[in-house]
Amino acid sequence: MRSLSILGFLFCIAFPTDIRAQEIYPNTLTNANFLDSVNIKRYKNFIGHSRIKIEINRITGIASFYSTNLTGTLTATGEIFKNKNLTAACNLFKLNTLVRVTNLRNGTYVIVRINDRMHPNMLKKGRVIDLSQAAAKKLILNTKGIVKVTVEAIGYSKITPKA
């Protein structure tokens with residue numbers, strides 16, 4: 001727990017003006033803070049309810065990772081995708097949201113920025129986030145390339161976390 005608080009402190013020092021933490025007041029604690037409620041309504045029929053659990057600013061489901069042949073393509077934010085960056089694709093969080101992705105099997109986690117969208121059919125399979133290969137390596141995905149995770153929103157930033 002102590003190492004987590006030190007990591008959070010160091011993270012805030014590295015990005016002092018770019019991250020705006022969610023103010024936790026009873027009237028602001030809603031799905032609209034970080035979750036993309038428009039997309040959640042749009043993809044309601046695609047979400048496999050038995051595999052995906054949506055809570056306030058937290059989603060539990062399956063993570064996968066990008067293919068190597070997608071390097072160099074444009075993302076939803078207009079950036080060029082690079083597998084070496086700590087970025088991810090997700091349809092349920094707003095773009096430029098920083099999220100902590102925690103592997104439920106071994107407890108490891110990685111902080112990534114949502115800069116792209118996934119194909120809606122991925123939600124039918126229970127997949128909630130598609131990680132870059134650098135992020136997947138830190139999370140230690142299994143040989144099948146998928147793992148059960150919890151994705152928690154922690155803030156907004158237009159700057160990608162450093163590896």
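Arranged by the count of other C-beta atoms within 10 angstrom, fewest first, what order do ARG117, ARG105 take?
Fewest-to-most ranking of ARG117, ARG105: ARG105, ARG117.
Order 150-158, 51-59 from most to least packed using the mean count of other Cβ atoms within 10 Å.
Values: 150-158: 18.6, 51-59: 16.2.
Those peptides, ordered most packed to least, come out 150-158, 51-59.
Tally Lys/Arg at +1 and Asp/Glu at -1 over every other residue whose Cβ is under 13 Å from the Cβ of PHE65; what's the total?
Working: positive: LYS84, ARG127, LYS137, LYS138, LYS144; negative: ASP116, ASP130.
Surrounding charge for PHE65 is +3.
All of the numbers you see were taken from the coordinates with simple rules; none came from a lab. What you are looking at is a predicted structure, and each value in this text was computed from that prediction instead of being measured. Counting neighbours? That spans all protein chains shown, and the Cβs are built from the backbone with ideal geometry, glycine included.
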